[in-house]
1. Take the Cα coordinates of the stretch 20-144, assign each an equal point scatterer, and use the Debye formula without solvent to give log10 I(q)/I(0) at q = 0.12, 0.21 Å⁻¹.
2. With the crude spin-label approximation of a point 7 Å out along Cα→Cβ, what separation in nm comes out for Lys313 versus Leu229?
3. Using a 7 Å offset from Cα along Cα-Cβ at Ser156, what residues in the stretch 201-228 end up with backbone N under 17 Å from the label point?
4. Set the Förster radius R0 to 41 Å, insert the Cβ-Cβ distance between Leu357 and Ile19 as r into 1/(1 + (r/R0)^6), and round the FRET efficiency to 0.05.
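Throughout, read-outs are computed from the coordinates displayed, never taken from laboratory work. Bear in mind the structure is a predicted one, so any value in this text is a computation, not a measurement. Cβ placement follows ideal geometry from the backbone for every residue including glycine, while neighbour counts extend to all protein chains displayed.
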Amino acid sequence: MGCAASVYAVGWKKKKLSIPEIMVFVPTMRIPVESDLQRPLKGVVPKDVVNRLSSIRNQIVLVAEDTGGSAISELRRALEEYLSILVGLTKTEHGLEGLVEFKWKNLEDGPQETSISNSWFELLSVLHLLAMLTLSEADSFMIPKDHSGSGIRTVSSDCKRDAVDLLLKASGYLEFCARDILACIPPDIKTRLPKDLQDGVLEAISIQALGQGTEIQLGLAVECQKATLSVKRRLACEQLTYFSQAYHCLSNCDTNHGHGKKHLWFIKWKFLEAKAAAYYYHGLIMDKGNEPSCHISAVCCFLAAEELLAESKKACLSFCLAAPVTRAPPLWGAMKHLHQKIPEVASRKSQMYGYLLEQEKVLQVLPELPQFQLSLEPDEYRLPEIDPTWESQKRENQGQTLKDQIKEFEDEDPIESQATECLNVPL
């Protein structure tokens with residue numbers, strides 16, 4: 001009895017489930033799929049251009065497929081080299097925008113592919129991948145590491161600053177995509193773009209990156225003894241504004257795809273955290289006033305911060321449970337400090353000024369948070385100069401006869417070979 005079950009049980013080892021830890025959220029990773037560049041461009045574009053385009057793109061395909069996008073440095077180098085050649089396909093004077101069918105896929109969607117014959121789509125996809133790789137690199141800088149063997153995981157200030165630089169760079173890629181690349185894509189093709197390439201999604205991720213950069217800066221300010229309450233409040237308010245803008249962008253998009261819902265929960269979670277921090281620091285500043293109304297307003301801020309903190313914990317849980325499942329990151333930066341301080345201060349100040357709250361119930365109105373000019377901006381991105389090999393196209397076309405052009409294909413198609421022979425028949 002039970003022999004069959006025993007047979008299957010013996011030697012069967014359950015695969016250990018690996019749930020990633022996320023500090024900087026990377027919404028999705030789209031990688032290229034092998035596409036035929038040689039056939040549509042042969043005889044139209046110089047051979048060395050076609051060969052380089054095809055060779056570098058195939059290299060990107062292989063590395064991205066084999067590593068799942070984890071070979072960041074290698075992929076970045078190849079993508080940047082590919083861009084300088086790819087730019088030539090988008091030049092109006094070359095007339096090559098729709099010749100090649102480019103194929104891409106989302107790593108989360110398995111074999112499902114998106115195929116679009118437009119070089120601007122290819123350019124958009126390459127820059128999107130560069131942005132996601134840059135966000136992934138920023139995430140790796142922010143994952144706590146224990147190099148000492150003591151079991152204490154820390155992130156150095158230098159790593160945090162490097163992560164901020166990378167977030168600004170990723171934001172620059174995405175802003176350029178939303179502002180400049182999408183404008184060059186015809187409306188009929190734009191409707192066929194994947195959901196994660198919608199302009200609202202691109203804008204949301206770009207702004208979100210600025211918000212996460214500000215979040216890191218706030219954490220550094222909390223660790224710095226010289227940072228004033230005004231500086232901390234300003235950073236918290238700026239972070240709140242960024243995530244508010246990102247949420248507005250994303251809420252107007254179709255999020256019923258891939259990481260869509262998880263992305264929305266991430267921004268909501270960070271929005272609530274930022275709002276809790278902003279009210280906490282605003283309350284501390286107001287509490288310095290001498291009037292009873294100042295203390296009442298401060299207590300209202302502390303109680304609001306405590307409620308927002310509780311809501312942010314729920315949003316964090318919803319984010320982690322949304323597919324694909326991720327681990328809740330350990331408390332870090334400002335929130336590591338505020339998860340302890342907000343409940344403590346809210347309780348103490350409520351007791352201290354309880355008599356004022358009873359006497360002045362009319363004054364118990366939550367004050368508005370101050371508005372500040374945003375400090376962080378995306379790094380300016382510009383497309384690279386067109387690769388010099390494109391300059392040979394004009395010279396080749398000028399010196400190439402019709403016979404020479406057709407001869408390019410004679411090894412590929414016997415009918416075209418016959419056409420070449422006809423050119424040799426004397427009239």
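1. Log10 I(q)/I(0), no solvent term: -0.45, -1.22.
2. In this crude label model, Lys313 to Leu229 measures out at 2.5 nm.
3. Of the residues in the stretch 201-228, 220 have backbone N under 17 Å from the label point off Ser156.
4. Numbers: r = 44 Å, r/R0 = 1.08.
For R0 = 41 Å, the calculated efficiency reads 0.40.
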